[in-house]
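Visitor: I have a structure here, written as structure tokens, and I will follow up with some questions on it.
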């Protein structure tokens with residue numbers, strides 16, 4: 001997807017949202033449906049054996065078809081030390097295999113993507129524009145490569161949270177980035193930062209910029225993984241995340257749901273749908289995965 005087509009896609013979605021029209025082909029408002037009824041039927045963040053997933057890409061595609069997903073994005077890790085990042089030949093082979101596996105079937109739209117990572121608190125990321133141009137969907141996360149946040153975490157919690165926000169603000173300026181992967185995955189660090197810990201003024205600043213720059217907020221099924229060391233009960237983490245999503249939704253931010261599958265969870269979006277439903281996110285603010293331009 002070119003930078004201009006990405007912008008047109010997300011800008012048109014935002015315009016429809018502002019007009020109160022549904023972008024998704026599922027035109028029911030999130031607040032009007034109970035969770036787990038299948039009104040969101042995409043998975044835009046998943047992994048195969050091209051990075052740290054358990055299943056081969058061909059099996060991954062067969063699973064997406066068997067689960068009757070409308071769309072699935074293959075977003076293997078593109079980070080320093082990974083084969084996709086370090087070898088042009090491996091990236092070529094990865095994209096060629098996606099093309100082969102999605103050809104000749106129309107059960108499920110298979111989207112070519114990667115999950116890049118933040119390198120520092122300025123928002124510098126591990127994929128450049130030239131390589132991103134070959135993809136249809138580009139995610140970026142905080143990871144152990146992310147200096148000043150999940151790498152060499154500041155001892156001062158306020159400084160840590162400010163670094164996280166500053167990092168995400170920097171990501172908003174990366175034109176070829178589509179979505180921020182599992183935002184605020186900051187519960188397993190020392191100090192830990194839960195969703196309710198972030199100052200509202202910082203969240204509002206980020207939400208406004210994400211909406212302006214059309215950066216999608218990725219809600220993953222396995223978010224509790226990132227808070228397993230906090231001792232905070234899972235339902236409390238959910239409640240805190242719901243409040244955060246409400247704030248971003250009110251600013252006009254777009255959302256996607258995903259499994260972040262590494263083992264056998266492809267298409268499992270139970271938790272994201274709980275969060276989106278409880279936060280009252282309208283369908284106009286859910287990415288229409290079938291409208292992502294092909295390459």
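Each reported figure results from applying straightforward, stated rules to the coordinates on display, with no laboratory input. Quick caveat, the model's predicted, so the values are computed rather than measured. Here Cβ is always computed from backbone atoms with ideal geometry, including for glycine, and neighbour counts include all displayed protein chains.
Visitor: Label residue 196 and residue 239 with points 7 Å out from Cα along Cα→Cβ: what is the distance between them in nm?
Guide: 0.6 nm
Visitor: Follow-up. Listed highest first by mean packing, meaning other Cβ atoms within 10 Å per residue, what order do 161-167, 105-111 come in? List each step's numbers first, then the result.
Guide: Details: 161-167: 21.7, 105-111: 18.3.
Sorting 161-167, 105-111 by mean packing, highest first, produces 161-167, 105-111.
Visitor: Once Rh is set to the Kirkwood radius over Cα pairs, what Stokes-Einstein translational diffusion coefficient, in µm²/s, holds for the stretch 133-227 at a temperature of 37 °C and a viscosity of 0.692 mPa s?
Guide: Values: Rh = 13.7 Å.
It diffuses with D of about 239 µm²/s by this estimate.
Visitor: Let me ask another. Report, for the chain, the % of DSSP beta bridges that are antiparallel, rounded to 5. Before the final figure, lay out each step's value.
Guide: On the way: 1 of 27 bridges.
Among the beta bridges of the chain, antiparallel pairing accounts for roughly 5 percent.
Visitor: Students often check this: by mean Cβ neighbours within 10 Å, which of 254-262, 84-92 ranks highest, and how do the rest follow?
Guide: Numbers: 254-262: 24.7, 84-92: 14.9.
Taking the mean over residues of other Cβ atoms within 10 Å, the ranking is 254-262, 84-92.
Visitor: So, one more: Between rounded, prolate and oblate, where does the chain land on the alpha carbon gyration tensor, with a ≥ b ≥ c its root eigenvalues, rounded for a/c under 1.5, else prolate if a/b exceeds b/c? Walk me through the intermediate numbers first.
Guide: Working: a/c = 1.40, a/b = 1.13, b/c = 1.23.
It is rounded, given that a/c, with a ≥ b ≥ c, falls under 1.5.
Visitor: Here's something else I'd like to know. Starting with the highest mean, order 207-220, 185-198 by the number of other Cβ atoms within 10 Å, averaged over the residues of each peptide.
Guide: Numbers: 207-220: 21.6, 185-198: 18.2.
Put in order of decreasing packing, that is 207-220, 185-198.
Visitor: Right, next: Pop out the Kirkwood hydrodynamic radius of the stretch 103-179 from its pairwise C-alpha distances, inverse of mean 1/r, in Å to one decimal. Working shown, then result.
Guide: Numbers: mean 1/r = 0.0741 Å⁻¹.
Every distinct Cα pair counted, the radius reaches 13.5 Å.
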